[in-house]
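I have placed the structure first, in the form of structure tokens, so that the comments after it can refer back to it.
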Amino acid sequence: MKHFTIAIDGPGGAGKSTVADHLAKQLGVPHLDTGAMYRAFGFQALEEGLTARDAQQMAELAGRVRIGVRFEGGKQRTLLNDRDVTDLIRTPEISMAASDCGTVGEVRRLMVAMQQKIASEHSMILDGRDIGTRVLPNATLKVFLTASPQVRAKRRYDEMIAKGQAADYDAVLADVIVRDRQDSTREIDPLAPAEDAVTLDTSDMTQTQVEEAVLGLLYRKLADAEAREKPPVKKRERFTFFYRVAMVFSAFMFRCVLPVRYHGLENADMDAPYILIGNHQHMLDPFLIGWKCKRYQIRYLGKRELIRNPLMRAIHKNLLMIPVERHGADIGAVRACLKTLKEGHVLSIFPEGTRYKTTMMEELESGVGMIALLGNVPLLPAYVTAKLKLFKPVDCYYGEPFTVSDIAKEGANRENCDEVLARITAQYRAMALAYGSEKAVAK
Ligand code: C5P
């Protein structure tokens, strides 16, 4: 895994430290408990009898105190002027002193600088109050853990009892409330979730649930970051034998015999699934518009009559044709088209259903509208300006892909189907106008 940082912020007792500790162990990275650093500072201030209300004294202490951390077997030891104070800084007085000192600008600046330096050295998890907002504004993942004051006080109380310390629940709760108020109302970097943090209320969650949730979020972030860095490799599908033959045939035909000038090929490079539509004038149009969508073996509808003869049946089967009964609604064919789109393939359809002498897209088959509505994938329009002719170039334009998902949202009924067809017609009129085949434009 490459360098990452996780910022876990939240009020005291929300479970930040325990969650961070467990996750750090699972991920094999250190966990920096930044609260311990403020505690060490508070400890020193208490020892010297200094008060956080005296900013001068605090700034002076910040200038000379040496706070450091060391990781032993993954566990943080906190050092104060080279003395290990890890086990001395967990008392309620020191909690309060840390919170008091944390309101002073000089103290915060010192802490933030140290924490940023530590986090720049390796992947790690930091927990505190201002990690996502101040220390690591670019953290890989920011989580804000919270829980009701009562739940947090109970957790602290149980922790103290388990350690054999004397504890009074009401006093712990009062302390939680006072510290919350001070931490979230202080002028500098008050406790608040960063704008891009995910807030988890752990009041009704188990420790394991919280850890799993944070891990899930981290993996998603890392995967997203990876995807952003590396554009997905545009894989080419493995073609069947006759499809490869058809590609070679098309390359020869449309370069040499029935020449075609192609435009907008970047549109033809789009990711599947999508529906490739075209106007239909020549029997080779399926090859003409299909072979330039080179990454995919295009599935297409073919009339049943084509596969009566066993040889043709074998060829079309190998080409992965979807047979269609042209008279009456062929529900089976519609289903097969939807299945192919669902499986992430490209489907090619000539919405006019049959060849037309003009390039108009006026009378469309309603089946196309239905497939577009139910398939709800983008449509890639290919527009051929004229009928193929021997050695006389024609133009083929791939237009901007468009969707009908706004119509699909309203349901797949007759009216919406007509709306889809109208959109296709409008698209082709616009292309005909833009690319200048005057015959194609309705008078
Ligand atoms: O997390 P912990 O309870 O150990 O923190 C003690 C105190 O240190 C907090 O109440 C808070 O005022 C301060 N602190 C801070 N910023 C941090 C970590 C802790 O202000 N990043």
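The set of residues in segment 1-44 that are within 16 Å of residue 197 (Cα to Cα), of a type in the set (A, V, I, L, M) and over 25 Å from the mean Cα position of the chain (by Cα) contains only 14.
Among the candidates 87, 100, the residue that is surrounded by fewer than 19 Cβ atoms within 10 Å (Cβ to Cβ) and more than 38 Å from the chain's Cα centre (by Cα) is uniquely 87.
Would you tally the residues in segment 389-415 being within 35 Å of the chain's Cα centre (by Cα) and part of a loop (DSSP other than H, G, I, E, B)? Count: 10. Per the conditions (1) acidic (Asp, Glu); (2) modelled with pLDDT under 95; (3) away from the ligand (no atom under 13 Å from the Cβ), the sole criterion not satisfied by residue 187 is (3). The residues listed here are 237, 305; of these, the one that is among the acidic types (Asp, Glu) and part of a loop (DSSP other than H, G, I, E, B) is 237. How many of the residues making up segment 102-122 are within 12 Å of the ligand (Cβ to nearest atom), among the polar types (S, T, N, Q) and assigned to a helix (DSSP H, G or I)? Residues in segment 102-122 being within 12 Å of the ligand (Cβ to nearest atom), among the polar types (S, T, N, Q) and assigned to a helix (DSSP H, G or I): 2 in total. Looking across segment 1-44, just one residue is basic (Lys, Arg), within 16 Å of the ligand (Cβ to nearest atom) and out of contact with any Leu (no Cβ under 8 Å at 6 or more places or on another chain), and that is 39.
Does any residue of segment 227-250 turn out to be more than 33 Å from the chain's Cα centre (by Cα), small (Gly, Ala, Ser) and closer than 30 Å to residue 347 by Cα?
Yes: segment 227-250 contains one or more residues that are more than 33 Å from the chain's Cα centre (by Cα), small (Gly, Ala, Ser) and closer than 30 Å to residue 347 by Cα.
Taken together, the residues in segment 141-173 that are β-branched (Val, Ile, Thr), part of a helix (DSSP H, G or I) and under 40 Å from the mean Cα position of the chain (by Cα) amount to 1. Scan segment 190-208 and tell me whether some residue there is within 16 Å of the ligand (Cβ to nearest atom), part of a helix (DSSP H, G or I) and farther than 30 Å from residue 273 by Cα. No, because not a single residue in segment 190-208 is within 16 Å of the ligand (Cβ to nearest atom), part of a helix (DSSP H, G or I) and farther than 30 Å from residue 273 by Cα.
The residues of segment 24-81 that are surrounded by fewer than 16 Cβ atoms within 10 Å (Cβ to Cβ), small (Gly, Ala, Ser) and closer than 19 Å to residue 92 by Cα amount to a single one, 49. On the basis of being exposed (fewer than 14 other Cβ atoms within 10 Å of the Cβ), out of contact with any strand residue (DSSP E or B) (no Cβ under 7 Å at 6 or more places or on another chain) and modelled with pLDDT of 95 or more, does residue 257 make the cut? The answer is yes for residue 257. Within segment 190-209, the set of residues being modelled with pLDDT of 95 or more and of a type in the set (A, V, I, L, M, F, W, C) comprises 194, 197, 198, 200.
Return only the number of the condition from (1) within 24 Å of residue 238 (Cβ to Cβ); (2) free of Cβ contacts under 8 Å to residues at least 12 places away in the same chain; (3) among the charged types (D, E, K, R) that residue 308 does not satisfy. Every listed condition holds for residue 308 apart from (1).
Is it true that some residue in segment 157-165 is in contact with a Leu (Cβ under 7 Å, 6 or more places away or on another chain) and more than 12 Å from the ligand (Cβ to nearest atom)?
no
The values are calculated or read from the model by the stated rules, or taken from the named source; none is laboratory data. Given the structure is predicted, the values throughout are model-derived calculations rather than measurements. Positions of Cβ are backbone-derived with ideal geometry, glycine not excepted, and every protein chain shown enters the neighbour counts.
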